[in-house]
Amino acid sequence: MADANNVEQYLLRPIGIVRSSLKRLEDCPKQNQDGAADAWVEIDPTFTEGLECLTPGCKVILITWLHKACRNVLRVHPRGNPDAPLCGVFATRSPDRPNPLGLHRVEVLEIKEKGLFRIRALEVLDGTPVIDIKPGISGSD
């Protein structure tokens, strides 16, 4: 059995940041299909070489650090519905969780310049750190 008290610490280094019109948590939809706005992703110059071959139309999985989330929450009402029974966060998409990673299936719409690209429908706050970008694989992500 895992002993959470003896697990080594891991350091995540953001590779970029989200630039969005969403400025307050209450403005953020629950999921991107719930009316999320397009957003820009600004990649740190140290990592722009990693964007090679990313083109408009590409589907990617953007991994973010939901920096405004509560990290001590283990049970939530799904989708914030107080009438729904409490569930463990690992059975939900709640941003509030011990390690608040966001997984976002998005489409690259435009590449403005090296390290700056626009994506379709992202439901996170302006200033959200980007941890990684993975290619979308049809049917398996």
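Free of Cβ contacts under 8 Å to residues at least 12 places away in the same chain and farther than 30 Å from A4 by Cβ - does that describe any residue in segment 69-77? No - not one qualifying residue is present in segment 69-77. For segment 99-117, check the following and say yes or no: at least one residue is of a type outside the set (A, V, I, L, M), in contact with an Asp or Glu (Cβ under 7 Å, 6 or more places away or on another chain), at pLDDT below 95 and outside any loop (DSSP other than H, G, I, E, B). Yes, because at least one residue in segment 99-117 is of a type outside the set (A, V, I, L, M), in contact with an Asp or Glu (Cβ under 7 Å, 6 or more places away or on another chain), at pLDDT below 95 and outside any loop (DSSP other than H, G, I, E, B). Within the set L74, L25, the sole residue that is at pLDDT 95 or above and not aromatic (F, W, Y) turns out to be L74.
The values are calculated or read from the model by the stated rules, or taken from the named source; none is laboratory data. Quick caveat, the model's predicted, so the values are computed rather than measured. Quick reminder, even Gly has a Cβ in these numbers, built from the backbone with ideal geometry, and neighbours come from all protein chains shown.
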